[in-house]
Amino acid sequence: MWLEARRPSIKESSYAGYRHKLEKHLIPYFDKMKYDRLDLSGISKFITDKLTEGLSPKYISDMVIMVKSAASWAEITHNYANQVKNAKLPKKKTKEASFFSLRSRRRSSAQSGLNTAIQAPE
């Protein structure tokens, strides 16, 4: 219902992506749960389980945002309680920059520039 209500206002590719996430992850995971049982602890468990499955924090965040959007829609259109509006998104992994990796990138970049300058024109 939520996705069909949103369909006129989203791109077809977004619709397809949402539908895929719904059918592959959200519906199988929450299928047996009644809406009034969906709360922050259920969302936290979903996040933990999906991280354990190896899904990326970004992909999981997209799904949590979908759940929050659907709950907001249900609150507005059907006056259902929205118990997930304060759900936290998973932390995104950040790569730690090291001095040596930055230094070697600069050296590699400088060498490739030197190699390009030395090559004879064809």
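Stretch residue 76-residue 1 to full length: gain in nm at 0.36 nm per residue minus the Cα-Cα span? Full-extension gain reported as 25.7 nm. Is the shape of region 2-94 rounded, prolate or oblate, going by the alpha carbon gyration tensor and its root eigenvalues a ≥ b ≥ c, with a/c under 1.5 for rounded and a/b larger than b/c for prolate? Judged from the Cα gyration tensor, region 2-94 comes out oblate (a/c at least 1.5, b/c at or above a/b). Within the same chain, aspartates and glutamates fewer than 8 places from residue 85 are excluded, and of the rest, those with a Cα less than 19 Å from its Cα are 36, 39, 62, 75.
Listed from fewest to most Cβ neighbours within 10 Å, the set 27, 10, 47 follows the order 27, 10, 47.
Tally Lys and Arg at +1 and Asp and Glu at -1 over the other residues with C-beta under 9 Å from the C-beta of residue 82: what net charge comes out? Local net charge: +1. If R0 is taken as 25 Å, the Cβ-Cβ distance between residue 23 and residue 56 corresponds to a FRET efficiency of 0.85. Among the listed pairs 24/68; 11/68; 11/91, those with a Cα-Cα distance over 22 Å are 11/91.
Note on residue 40 and residue 14: the extension gain reaches 6.8 nm, defined as 0.36 nm multiplied by sequence separation minus the Cα-Cα distance.
No lab work stands behind these numbers, since they all come straight from the coordinates. Just so it is clear, the structure is predicted and the values come from calculations on it, not from any experiment. No Cβ is skipped: glycine too gets one built from the backbone with ideal geometry, and neighbour counts run over all protein chains shown.
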